[in-house]
Amino acid sequence: MSSVESAVSNKEKIKVKTKKNRKIIQNWQLYIFILPAFIYFIIFHYVPMYGIQIAFKDYVPSLGFLGSEWVGFKHFIRFFDSYYFWDLLKNTLGISIYELVVGFPLPIILALLLNEAKDGLYKRTVQTVTYAPHFISVVVISGMIIAFLSPTTGIINHIIAFFGFEPIAFMSEPAWFKTVYVLSGVWQSTGWGTIIYLAALSGVDPQQHEAAIVDGASRLQRILYINIPTLVPTMVILLIMNLGNIMALGFEKILLLQNPLNMESSNVIATFVYQAGLLDAQYSFAAAVGLFNAVINAILLIAVNQIARKTSETSLW
């Protein structure tokens, strides 16, 4: 490269940098707005990553992070060779995939239905009723599930008995745990999940529907060819995020619904990490299991995002 070309290149870089700095200065309010969230993630998500090193050590609290002995992949190998590894993996993936298959399409369907309803008391009532369960705490939801599904006093079993069938011990039979967990989660989160889809549908140009009506399109055809294509980018982004978190199954509700009789189906990686790390004080082993879980999630997120990027124009980055 000649000196003239080098000077031109440097001049262009300076111009681009100056332009970026000018944009930052012009939009300083937006950067102030996101600053609390940025600080939150730094303090509570990135700084604690310093402690990941205990997954590769025999951590002793009295010796601290630096004083504990390095053992390499000892704890990972112990987890992979354990008899419960495949059971934990099967339960975690089973519940997550079940939840994704059942729970992902329902907010989309409900949003499409609500979008077709006329504004008024009926629509507002349906939205309120479907949104309300989201605001019930996990502890209360779990208590409701246990009370409603009780084989002796639960309302569900009273209904089953009314139709002449034998009561079912839902919370004691491992085969029922996944269904109870997933369906209760769908009931609690479907209404809330419609909000982002309704927001996307609000961006549809009314003139498109007017033109389609003039051309003789039915309501179903307008949903299929106008509304659903509008939702596709949002659907892809949320699907990527859900698949990227497929191993990050929240343990609070599972832990509250878990008992010795359904442990066969309810013991997942998250509850195992809680048991091993906090109850049994196996800090290094629990950190190794948690790190394995996080790495798998990261790999899935990157892989699914790359697939979405190649097959469509929508991706996270």
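Some points to look at:
- Estimated FRET transfer efficiency when R0 is 22 angstrom, pair I42-R22 (beta carbons, to 0.05): 0.25
- When the helices of the chain are scored as -39500 (n - 2.57) per DSSP H run of n ≥ 4 and the total is divided over every residue, the value at 222 nm lands at -21500 deg cm²/dmol.
- Here the mean projected area of the convex hull built on the C-alpha positions of the chain is 27.8 nm².
- Rolling a 1.4 Å probe over the protein heavy atoms gives the chain an accessible area of 64 Å² per residue.
- Relative contact order (%) - the range 256-317, alpha-carbon pairs under 8 angstrom, separation at least six: 18
- Solvent-accessible surface (1.4 angstrom probe) belonging to W192, in square angstrom, nearest 10: 110
- Taking Cβ atoms as reference points and 12 Å as the exclusive limit, the residues near K57 contribute a net charge of -1, counting Lys and Arg as +1 and Asp and Glu as -1.
- Using the Cβ-Cβ distance between I34 and L316 with R0 set to 22 Å, the FRET efficiency works out to roughly 0.80.
- Note on surface exposure: T130, T271, T311 rank T311, T130, T271 by accessible area, highest first, 1.4 Å probe.
- Only Cα pairs under 8 Å and 6+ residues apart enter the sum, and on that basis the relative contact order of the range 21-110 stands at 14 percent.
- Centre separation in Å (Cα based) which lies between the range 185-227 and the range 38-101: 42
- Solvent-accessible surface (1.4 Å probe) assigned to R219 amounts to roughly 130 Å².
- H134 accessible area, assembled protein chains, probe 1.4 Å, Å²: 70
- Point-to-point label distance, Q207-I77, nm (Cα→Cβ direction, 7 Å offset): 6.9
- Applying both filters, DSSP loop and at most 13 other Cβ atoms within 10 Å, to the GluC sites (Glu not before Pro) of the range 213-317 gives E313.
- On the range 112-188, 73 percent of the accessible area sits on carbon and sulfur atoms, based on a 1.4 Å probe.
- Normalised by the number of residues in the chain, the average gap of Cα pairs under 8 Å and 6 or more apart makes the relative contact order 23 percent.
- Near I97, once Lys and Arg are set to +1 and Asp and Glu to -1 for all other residues with Cβ below 11 Å from its Cβ, the sum equals +1.
- Pairwise FRET efficiency - F85 versus V138, Cβ, R0 = 25 Å, nearest 0.05: 0.35
- Model label zone, L93; criterion: amide N under 18 Å from point 7 Å along Cα-to-beta-carbon; scope the range 171-203: 178
- Dipole magnitude for the range 1-154: about 980 debye, using +1 per Lys or Arg Cβ and -1 per Asp or Glu Cβ, origin at the Cα centre.
The values are calculated or read from the model by the stated rules, or taken from the named source; none is laboratory data. What you are looking at is a predicted structure, and each value in this text was computed from that prediction instead of being measured. In this analysis, Cβ positions are derived from the backbone assuming ideal geometry, glycine residues included, and neighbour counts consider all displayed protein chains. Keep in mind that these areas ignore ligands, DNA and RNA; they rest on the heavy atoms of the full protein, side chains included. Shrake-Rupley method; radii C 1.70, N 1.55, O 1.52, S 1.80 Å.
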